[in-house]
Structure formats: structure tokens, C-alpha cells
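Take a look at the structure set out below.
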Amino acid sequence: MTNMIQVREYALLTHDTSQQASIDLGVVSKATFDWLLDLHARWKNNSTLLKLQSSTSVRLESYVGFLQSPSGETIEILPKTHIKQPGQQELSKCRTRLRAMMLTALSLKPREADAALLQRSNTPLHEWIISEFLFELVKLVRHGLHFEYRQVEEESRFIQGQLDIAKQSRQAPDKATLFHIRHDVFSANRRENRLLKTALEYVLNVSVSSDNWRIANELNHKLNELASYTNPIAELPHWQSGKIMTQYNDIRPWCELIIEKLNPNFQKGIHKGIALLFPMEYLFESYVAFNLRKSLTSGCSLKTQARSCYLMSHQPDNSLLSTDWFQLKPDLLLVSPLRTYVMDTKWKLLDGQLSTTEDKYGLKQSDMYQLFAYGQKYMDGKGHMMLIYPVNENFDSPLPCFSFDNELHLWVVPFDLDTRQLVNGDWAHHFPDLATNTSAINAA
């Protein structure tokens, strides 16, 4: 295994070799640093990957995952779940938590030995993804790939299938003994299998784990007759599902993840590299939603990214109809037969000890404005809302209730990534549709 630079969210990356490396400061080569700047420029229209700090350093944003520069230098970015610098044991837990969140957010199904697998926290993220893909591919090959009939057009000395009269009539005299024919062949060269072969070739190019590479090489020989795609991402939406393709259900999300994220061709020429990156806001929101659904009482539902309300309506002078402006999209909307609760998630480390009017625990004023608007539009300005942050050493219990007025209230509650539930507190009296029984939730 080549040496890997390990950092966490919001770490500095520098090519100044006089700096002392740590989990919050990664020292990279000048070539890798330049590649990061180029990668950031390619991403900036959609999201911010990093911020330029100086001519020799950049600061990462809230993305986690794996980077490999064209020079082969690798960087692993872990979630920031502690305010202080964590020890090696805690970093292993960070990697385990990240895998659990990815499984949930990306609808990935791990092998049956899930608990034991997640404990192998010394395995880098991309190698873990590769091992899961290979495990499913081995299982699929043993079961047998799905074949289909494909029409083939060719020249042959024998008539097989259907003769192409139009082409045959234009046949040159020196090829009079050859027939233009169409016929069906029963082949494994269908789209899904070709996508698996393409992902397998990426694995062979990327993996530096001897075990993963050996298994991938053996599978590559077994699938030698399959053709790969030069542009597989365009083929992914056409993956067939249904009863006859049930055996492909488990491997499909792993294959998609490798093709979309471990694709070494997503950048061209000298800038070719790998960026297996995930926004922590999305992972956290999905993880919270998935686990909260397990704790709902009967008759309740949890909607993600609700978008039925707008901040205001407006009728321009040249229009006969008014239109809604500024759509309001709370992360979570808990709907019960009697009431509705707005629940928003934020991936940020609060500090419950910073209770002064200046510090405000680290809460952002803009988030409070946003919650107030949600409460007015989705709850008619009455009831209790919840703002959910990840638990940390300085935020391990809910904050006292915040009140916008006498009727609209907000609870700021930590979510424990290990127990996979909200930390209990006084908020529970106002959210009767959320069960707080740990054993019941875990049993589910």
C-alpha cells in the first residue's frame, strides 16, 4: 500500500515541505497542489471544493472521500466529528461512521458480515468500495451472468437466419460466394455486463491492494469476452431492472459508484486523476432521515426536501397571474395526523459551552431566519421545530428551547452517529410522534 495523506474536513493542504503534517494539515507535492487547483476550477460552477489561503496552501471544504492526483499521490479526507484533534483510534471510528453514512445515503447493501466489515477501519475508503464491488461480482459470476439474444449482421459463406436482400443485390462479383445475413446470437455482451466489465477495468487501474487486484485480475480473465464502454456514464441510465435482473440488484449501486466516482477518465490529458468525494451535508441529512424513519409512530411519515411552500407570491405588472417566489425546502418534514414538524439538519460542530450572546453556541443567524420562515409557512407559525447537529465532545445534550414568540419554538438537538438516534431530552415531550426507545430502534 502506497503512503496515503490522511486529513479531515476543513484541513489545510500545502506544498510547503517545511510544515509539520497533521490531521488538519496535509503536506502534498507541488504537482498535486496544482492538480487540486485545477480540480477546484472544474467544480466551482456547481460547488466549492476548497478555498485558496495563500500561494502555497488551500483549505478543504465540507467534502469527504478519496483523491488521487495524476502523479499517484493519494489523499483521504475523513469527517470532522471532534472539535479537538482526534487520536488514531478516533480516526478509525470516523472512517467507520463515514462508511455507515455512505451505505445509507447511497442505498448500498454491504455483504452479510456487515458489522465485522465495518470494523476493518484500516482499509482506505476506495479500497473498501472496491472490495464490496468485487465481492458482489464474484457472487454474480458464480451464479451466472444474464445472457440475451442480440442481432448480428455479417458476411458469411453459409446462410444463417435472414438474408439481407438489399445488401446482397449490391454484392461485388468477386464476393459472390459470401452472403449478407442477419441472425440472433445468445450472448453475455449485454449493457449491464459491459458496464460491470468497465467498472472492473477501472478497479484494475486504481486498486493498490494486493487482495483486491488479484481478485479483479482473475475476474477480468473470466469476463474476457465482454466489451467495455468508452463512455459508460451515458449507458448507466439505461440499466434494465425487473424480475429477470433481480440478481443484479445488489451489485448495481456499487458499479454505479465506481463508474461515476472512481472513473480515471473524468479528467483528460495531464490532468487525469480520481476524485471520490461526497458532501457531508447530504450524507448527514440522509443518515438522519433514514434512522428517524425507524422511530416514527404509526400513521406518521417523514418527507425529505419538502417543497410545497414559497416565501411569497408576486404578480408582475404585465401578468394576469401571480406567481410564487423563493421556494422553501426544509431538509425534513415530519407529518402526523394531527400536526406537522419542521426538522432541519446541519453538518457543523456546535459548542454547548459557548452560551454567550456573542458566541450563541456557534449557531448562524441566517439559519434562524430560515427556520422562522419554515415555521411560518409549513406550521402556520405554531408548534415546535427541530434543528439537528452531529454530537461532539462539547455538544452531547440538547440546548435549552429557543422561542421565536409565544407560539413558535425551536429545539437544537445532537444526533449520535454511533447509536444512530437523537440524544434524548426535554424536546421529546413536544415530539410525541418520535419514539426514543433505543433498544426498539436498534431492533428495527
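Net length available on complete extension from LEU321 to MET4 is 108.2 nm, with 0.36 nm assigned per residue and the Cα-Cα distance removed.
With a Förster radius of 22 Å, plug the Cβ-Cβ distance of GLN305 and HIS238 into 1/(1 + (r/R0)^6) and report the FRET value to the nearest 0.05.
0.25
Taking +1 at the Cβ of each Lys and Arg and -1 at the Cβ of each Asp and Glu, which of ILE77, ILE274, LEU223 sits farthest along the dipole of the chain towards its positive end, judged by Cα position relative to the Cα centre? Value: LEU223. What the phi angles of region 130-137 give under the Karplus curve with 6.51, -1.76 and 1.60, with θ = phi - 60°, is a coupling list of 4, 5, 5, 4, 5, 4, 5, 5 Hz, glycine and proline written as x.
Exposed loop sites, defined as trypsin sites (Lys or Arg not before Pro) outside DSSP H, G, I, E and B with at most 10 other Cβ atoms within 10 Å, are absent from the longest region of the chain, namely 269-444. Out of (1) 43; (2) 39; (3) 53, which label holds the value of percent of Cα pairs over 36 Å apart that was computed here? The value matching this structure is (1). At each listed q (0.10, 0.11 Å⁻¹), what is the log10 of I(q)/I(0) that the Debye formula gives for region 156-297 modelled as equal alpha-carbon point scatterers? The Debye formula, applied to the Cα set alone, gives -0.59, -0.67.
Orientation-averaged projection of region 140-214 equals 7.9 nm² [convex hull of Cα atoms, one quarter of hull surface area].
Hey, any idea what % of region 206-340's accessible area is carbon plus sulfur with a 1.4 Å probe?
52
Taking a sphere under 15 Å around the Cβ of GLU358 and counting the other residues whose Cβ falls inside, with K and R at +1 and D and E at -1, yields a net charge of 0. The number of Lys pairs in region 162-245 with C-alpha atoms less than 30 Å apart, excluding pairs fewer than 8 positions apart on the same chain, is 4. Calculate the FRET efficiency for SER298 and ASP405 from the Cβ-Cβ distance with a Förster distance of 35 Å, rounded to the nearest 0.05. The formula returns an efficiency of 0.65 here. Among the lysines of region 299-403, pairs at least eight places apart or on separate chains and with Cα atoms under 14 Å apart come to 6. Fully extending the segment from GLU260 to ASP24, taken as 0.36 nm per residue of separation minus the present Cα-Cα distance, adds 82.2 nm. One chain, two ends: GLU281 and SER366. Fully extended at 0.36 nm per residue, the span grows by 28.9 nm beyond their Cα-Cα distance.
The values are calculated or read from the model by the stated rules, or taken from the named source; none is laboratory data. As the structure is a computational prediction, the values presented were derived from the model and not from experiment. Reconstructed Cβ throughout: ideal geometry from the backbone, glycine too, with neighbour counts over all protein chains shown. Heads up: the accessible areas ignore ligands, DNA and RNA and are worked out on the full protein's heavy atoms, side chains in. Shrake-Rupley method; radii C 1.70, N 1.55, O 1.52, S 1.80 Å.
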